[in-house]
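Only one structure is covered here, and it is reproduced in the block below.
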Amino acid sequence: MSDAGAKTQPVILVVEDEPEERFLAATLLEETGFRVIEAETAEKALAILRERGEEVTVVFSDVRTPGPIGGFELARIIGVTWPRVHVLLTSGDAGDQPSDLRMSATFIPKPWRALDILTLVEQAAGYHSGNSPVGDANAG
């Protein structure tokens, strides 16, 4: 029965090559009630999506990832192959601009604030006021 409850929690795929940043984002999301899968590269993220794409609700990815596929290309591939998956892209490089997005994704400049990420992930995951993990965490 607990597995059925876990499946109702949105799954967030965090794509970040910097271990500390990936850990921070994953921990933040897990502590708020999301299930998290981590990947160091866009290629690994695509492999995860091929295996578990029906589970993933949101991909939160750095724009600059090692390997031949970066965050913008990852967002384009996801938009075509898994159109129901929402993409949040982040970058601390001033050269990475939201205008570079050709597919629908949300761009978040670094450094990002935890509450901003949680709010955007909730929106992308389809939470509405009243059943928000962030709202629950902030209550009281």
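The values are calculated or read from the model by the stated rules, or taken from the named source; none is laboratory data. Computed from a prediction, not measured in an experiment: that's the story for all the values here. All Cβ positions, glycine included, derive from the backbone under ideal geometry; neighbour counts span all protein chains shown. The protein model used for the area step is the full one, side chains on, heavy atoms only, and it has no ligands, DNA or RNA in it. Shrake-Rupley method; radii C 1.70, N 1.55, O 1.52, S 1.80 Å.
Among all residues of the stretch 63-72, there is at least one that is closer than 16 Å to residue 43 by Cα, at pLDDT below 90, under 14 Å from the mean Cα position of the chain (by Cα) and not charged (D, E, K, R). Listed by first and then second residue, the pairs with beta-carbon distance under 6 Å, at least 6 apart or on different chains, first residue in the stretch 70-89 and under 18 Å from residue 51 (Cβ atoms) and aromatic (Phe, Trp, Tyr), second open to solvent by less than 30 Å² (accessible area, probe 1.4 Å) and at pLDDT below 95, are 82/53. Summed over the stretch 35-46, the residues that are out of contact with any helix residue (DSSP H, G or I) (no Cβ under 7 Å at 6 or more places or on another chain) and open to solvent by less than 20 Å² (accessible area, probe 1.4 Å) give a count of 0. Residue count for the stretch 47-72 under the criterion of being under 19 Å from residue 124 (Cα atoms) and not β-branched (Val, Ile, Thr): the result is 10.
Residue count for the stretch 98-123 under the criterion of being modelled with pLDDT under 90, open to solvent by less than 40 Å² (accessible area, probe 1.4 Å) and within 26 Å of residue 9 (Cα to Cα): the result is 2.
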